[in-house]
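Notes follow once the structure below has been shown.
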Amino acid sequence: MALIDAYTSGAAAPPVWARPDPALAAAGVEGEYVVARVRVLAMGLLLIAPTWNVTHHPQDPVHVTGFSVTLAAAFASVGILHLLRRGRWRPWIGFASSAFDVSMVSLALVSFLVVGSPMIALNSKVTFEMYFLALTATSLRYDARICIVVGLLALAEYGGLWAFAAARYPLDDPAYVAQAGPYSRVDLWTRLILLGVATILAVTIVRRAQRLLYLAARDRLTGLFNRGHFDRALRAAMERSRREGQPLSLALVDVDHFKAINDTHGHALGDRALVVVAQLLHRAMRRTDLVARYGGEEFVILLGGTDREAALERMEALRREVAATPIDLGEGRTLAINFSAGVAGTPADAAATTPRALVALADERLLAAKRQGRGRSVGAEA
């Protein structure tokens, strides 16, 4: 609860140049898929005008070049989507695909300069405005670093195009002006400023999303991740585990006799018990681990790079710590709490090949721990 209150007030907001929260990282992967699908659709629609132009004016080099660049971008878009559908996502893909979007716009403008004139490139309206689509799409990756890097890349590429054209061509030449309008430094500076503003807006959208998605991915009582986020994180972790050949373990934790605590001491104290357990679990986690409230008095822990036996030892150590941390009831009274846990992991549990199977196996072992008298962790069948 304190974690959420601090974040909502802005005190816990992460630095701009920082890795996104795990919840945002998972949402960013989904955003990358959305961008990839929209990119393919957009490139298909954008091919209509160049195809019509090159069909009706096949001798015009500007139209031929525009069609060629758009067609190449369409094929590349299909390739990126295919790569993502095969589950080959990597953290750098967001940077690379966003840079690709911006660079394809710049490539189109450079091609106009080469086969047409510098003013066709610098004064292009439709092609230049595609920069803004690319910069807006960066916010769907939920990573402010991508917004900043790609925004600076757009500024550098368009500014570099202007500097090159100004150094190599007489931009005030009436022939150029007749083709694409007058050369106006004020207009070009305004374009650069607008690219900067678009970058700032993209970063602002991501920062706002950080707050909203943080709240959406957290349990309101304990401040831990909620089940929805955990399910997404588990899918990603199992894919990464298979890809890298690393072990992965999962533990389901259930507070013992929780109904009796509520019935005897009231729900307020029951909530305090859950918060205490959540805080102890959270403090014991490594940076690579993830702990979430799974529902009611159940918690789930994802232990990356940890085999089943090591995970079982860690859960037993945690259980003893929780049992040694009683809740103060006032007037010299305390309430001891304990939990039971079921642990499953790959590759030890070869049958757990899907997220659902891994959770189900841990749940079976949690039930076994309860049947054996509670207050223990079970990591294999009897």
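Scan R235, R227, R220, R242 and give me the residue that is surrounded by fewer than 21 Cβ atoms within 10 Å (Cβ to Cβ) and either over 17 Å from T354 (Cα atoms) or among the β-branched types (V, I, T) (or both).
One residue alone meets the criteria, R220.
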Seminar exercise, completed: Filtering region 265-285 down to residues that are among the β-branched types (V, I, T) and closer than 16 Å to A323 by Cβ yields V276, V277
For this session: Pull up region 321-338, narrow it to residues that are in contact with an Asp or Glu (Cβ under 8 Å, 6 or more places away or on another chain) and part of a loop (DSSP other than H, G, I, E, B), then point me to the one that is surrounded by the fewest Cβ atoms within 10 Å (Cβ to Cβ).
Result: N338
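It is to be established whether one or more residues within region 150-159 are within 32 Å of the chain's Cα centre (by Cα), modelled with pLDDT of 95 or more and under 16 Å from G28 (Cα atoms). Working first, answer last.
Kept after step one, since they are within 32 Å of the chain's Cα centre (by Cα), are these residues of region 150-159: 150-159.
Among the residues that remain, those that are also modelled with pLDDT of 95 or more are: 150-159.
Subsequent filtering for residues that are under 16 Å from G28 (Cα atoms) retains 150.
Yes, the conditions are met somewhere in region 150-159.
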For this session: Select the strands (runs of 3 or more DSSP E) contained entirely in region 195-311, then report the ones holding at least 2 residues which are without any contact (Cβ under 8 Å) to a residue 60 or more places away in the chain and outside the structural domain of P15 (by TED's automatic domain parsing).
Result: 298-304
For this session: Would you be able to tell me the number of residues in region 170-191 that are surrounded by 14 or more Cβ atoms within 10 Å (Cβ to Cβ) and either of a type in the set (G, A, S) or touching a residue at least 12 places away in the same chain (Cβ under 8 Å) (or both)?
Result: 9
Exercise. Only one of (1) on the phi < 0 side of the Ramachandran plot; (2) surrounded by fewer than 22 Cβ atoms within 10 Å (Cβ to Cβ) fails for L318. Which number is that?
Worked result: (2)
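Got a number for residues in region 160-194 being among the small types (G, A, S), part of a loop (DSSP other than H, G, I, E, B) and at pLDDT 90 or above?
Of the residues in region 160-194, the ones among the small types (G, A, S) are 160, 163, 165-167, 175, 178, 180-181, 184.
Of the ones still in play, those that are also part of a loop (DSSP other than H, G, I, E, B) are 181, 184.
Okay, now just the ones that are also at pLDDT 90 or above, so 184.
Number of matching residues: 1.
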Problem set entry | Residue list for region 19-45, filter: aliphatic (A, V, I, L, M) and free of Cβ contacts under 8 Å to residues at least 40 places away in the same chain | L41, M43, L45
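The values are calculated or read from the model by the stated rules, or taken from the named source; none is laboratory data. Everything numeric here is computed off the predicted structure, so don't read it as measured data. Glycine also receives a Cβ, built like all others from the backbone with ideal geometry; neighbour counts cover every protein chain displayed.
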